[in-house]
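Read the structure below first, then the notes.
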Ligand code: 5RP
């Protein structure tokens, strides 16, 4: 199966976590695009969806899925999103699609994070994928120096601003062996808006697309 077919497989499988009558949280990315396509088949049986990006909002609206503002929602039972890396405890690196801040906000409303990914995303230790960090521009040199003290090489993502109008640093060369401690520390650095480590908002379930079918990891 191609990577695209694996994404479609998990996108479809994620429908089992959507409760009819409820609002579902929807992430961002090429895997989530497949989930959105599948979700359209039950658009009349859900109360709507909270989106984590302009990209997902536009795709859902084009398919006739009702989009609800996150600020109008107090609670979601499930948030469904992809990841750039996920480890065997459900900790993730996210933000390859530049939507990490809104993704974390919507994930925070939800009881469960269901991660959908192809098997190439499963890793032993987070950090091979360059870590996305949404930042305030004036803090960039300072933050690059801080990451350098940890062996990381931070580079501004060229030509990209997030939906919040802010730049991203992609940090290479990190080995994130304690994701919870890492996220907690980096969150406190002035100028960091969101770090792409999802430890406090880790996955409760991962649907992994493999050649043998969908593998479900429960954390
Ligand atoms: C966007 C994300 C995505 O979930 C992540 O980049 C995975 O994307 P894809 O499904 O295209 O591989 O975090 O900010």
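Derivation of every value follows stated rules applied to the coordinates shown; laboratory data play no part. Just so we're clear, the structure is a prediction, and the values are computed from it rather than from any experiment.
Largest mean-square fluctuation among 56, 204, 120, in a Gaussian network model of the chain whose springs join Cα atoms under 10 Å apart, belongs to 120. The alpha carbon centroids of segment 67-144 and segment 41-65 are separated by 19 Å. Largest GNM mean-square fluctuation across 74, 59, 172, computed for the chain with C-alpha springs under 10 Å, falls on 74. Counted over the chain, the DSSP beta bridges are approximately 55% antiparallel.
For the chain, the mean residue ellipticity at 222 nm estimated from helices alone is -8000 deg cm²/dmol, where every DSSP H run of n ≥ 4 contributes -39500 (n - 2.57) and the total is divided by all residues, rounded to the nearest 500. With contacts taken as Cα pairs under 8 Å at a separation of at least 6 residues, the chain carries a relative contact order of 22 percent. The distance from the alpha carbon centre of segment 1-29 to that of segment 158-219 is 19 Å, rounded to a whole number.
With only alpha-carbon atoms in the gyration tensor, what are the semi-axes of the equivalent ellipsoid for segment 56-139, in Å, largest first?
On the way: eigenvalues 112, 59, 36 Å².
Result for segment 56-139: semi-axes of 24, 17, 13 Å.
Highest mobility in the GNM of the chain, judged by mean-square fluctuation with C-alpha springs under 10 Å and restricted to 48, 11, 27, is found for 48. As a length-normalised measure over Cα pairs under 8 Å and 6 or more apart, the relative contact order of segment 131-194 settles at 47 percent. Can you tell me the orientation of helix 100-109 relative to the chain, as the angle in degrees between its alpha-carbon axis and the longest Cα principal axis, to the nearest 10? Rounded to the nearest ten degrees, it is 50.
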